[in-house]
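S.K.: Structure in structure tokens, see below.
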Amino acid sequence: MDIETYAQSIHFYADDVPPFLIRTLGTRQWTSFFDVGCGDGSLLNALKIRKILNSDKKVFAADLSQTRIERVKAIDSSYQCFVSPADDLKAIETGSIDFVVSTQVIEHVPDDEKMAAELARVLKPGGTLFLSTVYKKWYGWYFYRCNGKWTLDPTHLREYADETRLYEFMKKNGLQLESQEKHLFKFPAVDFVLKRIGVGTDVYKHRLLRRVRKLQVPIVGYYDWQMVWKKPR
Ligand SMILES: C[S@@+](CC[C@H](N)C(=O)[O-])C[C@H]1O[C@@H](n2cnc3c(N)ncnc32)[C@H](O)[C@@H]1O
């Protein structure tokens, strides 16, 4: 599916931040923050509302979709936003970022090995990478199709079924695994309806909808695999 067609499927601003990410951000010093494959900026928006990304932080955001990047610019005009493939982050200097985040992106990227190298390249020595992706157990099934396989999303080029591939790429680029967690994916049932009726990113400003959103359907066999990697000094 073309990236701009995919961008018609809006990411809602629903204050979803992985608790593991909040804990990690709270336990280290950082000023520059880079969201790679930021989508419509749901994570950036949530971190801004929580005052974790305040005015003393330098925020960078990149996504392959121009449409999504325009939505991110509307969150905060001070964010430095780029339309860029995650496996070729030319706009960002080597060793310049304290904290890099990439959530649910690497499974979309044609060259995941090159993306791993780029994430490692832009990190400062001593910097942190929070990476999350899909982890699929052998019994996992979802109804989308990509490249002849059943997938959780129609644009997933791969879904990781073990740790070896990503561990190898990260370690090859000198990163060290600090910790990791896996959480069963749950999908807010109301999102299905909201996406079909074509509402905007801000729909969850309504308190009632935020309550309804707590009704979540577990997706059997699919995990949100979250990792914290460190670049040694
Ligand atoms: C599932 S969304 C995740 C968005 C966001 N990180 C989040 O967690 O809400 C995947 C994002 O990856 C972007 N994407 C897909 N292929 C990409 C690529 N090769 N380089 C950079 N971004 C890409 C899509 O445009 C989309 O915004």
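S.K.: Taking the Cα atoms of the range 126-233, report the difference between the largest and smallest coordinate on each principal axis, in whole Å and largest first.
M.R.: In descending order, the Cα extents are 47, 35, 20 Å.
S.K.: Right, something else. Can you bin every Cα-Cα distance in the range 1-92 into 10 Å intervals starting at zero and give me the percent of pairs per bin, rounded to whole numbers?
M.R.: Calculated over all Cα pairs of the range 1-92, the distribution is 16, 50, 30, 4 percent.
S.K.: Moving to a separate point now. Using the Cα centre of the range 3-230 as the reference point, and only Cβ charges (+1 on K/R, -1 on D/E), how large is the resulting charge dipole? Debye, rounded to the nearest 20.
M.R.: 800 debye
S.K.: I would also like to ask the following. Among all the lysines, which ones have a C-alpha under 17 Å from residue 182's C-alpha, if same-chain residues fewer than 8 places away are not counted?
M.R.: By straight Cα distance, residue 182 reaches 136, 137.
S.K.: Among 206, 156, rank each residue by its count of other Cβ atoms within 10 Å, from fewest to most, as a rough exposure measure.
M.R.: The order, fewest Cβ neighbours first, is 206, 156.
S.K.: Using DSSP to call loops (not H, G, I, E or B), can you name the GluC sites (Glu not before Pro) in the range 1-104 whose Cβ has at most 14 other Cβ atoms within 10 angstrom?
M.R.: Values: sites: 4, 70, 93; in loops: 93.
Counting only loop positions with at most 14 other Cβ atoms within 10 Å, the GluC sites (Glu not before Pro) in the range 1-104 are 93.
S.K.: Stick to Cα atoms and the Kirkwood definition of Rh, then tell me Rg/Rh for the chain.
M.R.: Using only Cα positions, Rg/Rh for the chain is 0.93.
S.K.: Over the chain, what relative contact order in percent results from Cα pairs under 8 Å that are six or more residues apart?
M.R.: Across the chain, relative contact order equals 21 percent.
S.K.: May I pose another question? Taking the chain as a Gaussian network, Cα atoms linked when under 10 Å apart, which of 43, 166, 131 shows the biggest mean-square fluctuation?
M.R.: Maximum fluctuation in the GNM of the chain, among the listed residues, is at 166.
Values quoted throughout were computed directly from the atomic coordinates according to the rules given, and no laboratory measurement underlies them. What you are looking at is a predicted structure, and each value in this text was computed from that prediction instead of being measured. Don't worry about glycine lacking a Cβ; one is built from the backbone with ideal geometry, like all the others, and counts go over all protein chains shown.
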